[in-house]
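K.L.:
Pasting a structure below so you can have a look.
None of the figures in this text is laboratory data; all of them are computed from the coordinates on show. Predicted, not measured: the structure shown is a model, and the values here were computed from it. Cβ coordinates were reconstructed from backbone atoms using ideal geometry, including for glycine residues, and neighbour counts include every protein chain displayed.
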Amino acid sequence: MIQIEPEAWQVMVSHAKSTYPNECCGAMIGTVDGDVKTVKIGLAIENAFTGVQHERYELRPEDLMKADKEARARGMDLIGIFHSHPDCDAYFSETDLKNSCPWYSFVVLSIYKGEFHHANSFLPNAEQTEAPKEELKY
Amino acid sequence: MAKILIPTPLRQYVDKKDSVDVTGATVGEALNALTTAHPDLKKNLYNDEGKLRSFVNIYLNDEDIRYMKKESTPLADSDTISIVPSIAGGL
């Protein structure tokens, strides 16, 4: 289960709304206690995809390294990635799956007409063949 | 000894440590030392053909080893290796 604290959630939703109609992306930093992940910090990261960003996002590895360093400096962990689906539901698409990594929770925010609609979290496998839903609280 | 930073989800395979000190003349030797000492980590980083998984990037300090000498990149004791995933997506 992954739960997102209000301050982090606000950063994530604000980033998704401010980048609409493009996709946004970012990192989630927090703590892990057994099966419960708690997101305490949402980090907005620039979408590095060089084409049409309405339908794609890309995280620079360098930006992920920075996020990981920030997590370590705060005594926390990098536990997830988030991105938005503008005018589309929060499902884990084939493109998401083929460009995923099994180490993190992937939270997808659905944004319709510039407003937050709903969100889901997914846990992709190492073979990039499936990504079951994970319980998400926000 | 060089240091390898371990991403949070992989620490379960390295006795919950956030970094592991390794010896090796190259990045490849260091990674081999890491996965030899912690065999359960290997399948997370390498596919069945023994190649780094497509989503795994290896950085030596702040440089992607793909733009250096890949796994033959020389390693110094003061170096830090990071394991960084490639992540993208879309509709």
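K.L.:
Past 28 Å, Cα to Cα, is the threshold; run A:Lys17/B:Lys43; A:Lys40/B:Lys42; A:Lys37/B:Lys70; B:Lys17/B:Lys43; B:Lys3/B:Lys70; A:Lys40/B:Lys69 against it and keep the listed order. Before the final figure, lay out the partial values.
P.N.:
Values: A:Lys17/B:Lys43 38 Å; A:Lys40/B:Lys42 30 Å; A:Lys37/B:Lys70 34 Å; B:Lys17/B:Lys43 18 Å; B:Lys3/B:Lys70 17 Å; A:Lys40/B:Lys69 38 Å.
Correct reply: A:Lys17/B:Lys43; A:Lys40/B:Lys42; A:Lys37/B:Lys70; A:Lys40/B:Lys69.
K.L.:
Could you state the principal axis extents of the C-alpha atoms in region A:16-77, from the largest down, to the nearest angstrom?
P.N.:
Answer, in whole Å and largest first: 38, 22, 18 Å.
K.L.:
A further question follows. Can you give the relative contact order of chain A as a percent, counting alpha carbon pairs under 8 Å and 6+ residues apart? Can you show the working numbers first?
P.N.:
Working: 320 pairs, mean separation 35.4, N = 138.
Taking the mean separation of contacting Cα pairs over the length of chain A, I get 26 percent.
K.L.:
For every helix of n ≥ 4 consecutive DSSP H residues, a contribution of -39,500 (n - 2.57) applies; sum these over the protein assembly as shown, divide by its total residues, and give [θ] at 222 nm rounded to the nearest 500 deg cm²/dmol. Each step should come with its number before you reach the end.
P.N.:
Details: 5 runs with 50 residues, N = 229.
Dividing the helical sum by the residues of the protein assembly as shown leaves -6500 deg cm²/dmol.
K.L.:
Right, something else. List, largest first, the extents of the alpha carbons of region A:12-138 along their principal axes, each in whole Å.
P.N.:
Result, largest extent first: 37, 27, 26 Å.
K.L.:
Still on this model: Regarding region A:72-125, what's the average projected area of the Cα-atom convex hull, expressed in nm²? Please report the intermediate quantities before stating the final value.
P.N.:
Details: hull surface 17.8 nm².
Projected over every direction and averaged, the Cα hull of region A:72-125 covers 4.5 nm².
K.L.:
Once amide H atoms are built 1.01 Å from N in the peptide plane, which residues 5 or more positions from A:His54, or in another chain, come under 5 Å H to H?
P.N.:
For A:His54, whose amide H was placed from the backbone, the distant partners under 5 Å are A:Glu23.
K.L.:
I would also like to ask the following. Using a Förster distance of 22 angstrom, determine the FRET efficiency expected from the C-beta separation of A:Ala126 and A:Asp87, and round it to 0.05.
P.N.:
Details: r = 31 Å, r/R0 = 1.42.
Between A:Ala126 and A:Asp87 the formula returns 0.10.
K.L.:
Obtain the radius of gyration and the Kirkwood radius of the protein assembly as shown from its C-alpha atoms and give Rg over Rh. Show your work: numbers first, answer last.
P.N.:
Values: Rg = 17.5 Å, Rh = 17.9 Å.
Result: Rg/Rh = 0.97.
K.L.:
Here is a further query. Please compute the length gained on full extension between A:Ala48 and A:Glu5, using 0.36 nm multiplied by the number of residues separating them and subtracting their Cα-Cα distance. It would help to have the intermediate numbers written out before the result.
P.N.:
On the way: separation 43, 0.36 × 43 = 15.48 nm, distance 2.64 nm.
Contour length minus Cα-Cα distance gives 12.8 nm.
K.L.:
Sticking with this one: Can you sort B:Asp79, B:Asp15 by how many other beta carbons sit within 10 Å, fewest first? Don't skip to the end; give the middle numbers.
P.N.:
Values: B:Asp79 17, B:Asp15 9.
The fewest-first ordering by Cβ neighbours comes to B:Asp15, B:Asp79.
K.L.:
Still on this structure, I have one more. Using only alpha-carbon positions, what ratio does the radius of gyration of region B:2-85 give when scaled by 2.2 N^0.38 Å?
P.N.:
Output field value: 0.98.
K.L.:
If you count the DSSP beta bridges with both ends in the protein assembly as shown, what percent of them are antiparallel, to the nearest 5?
P.N.:
The answer is about 75 percent antiparallel.
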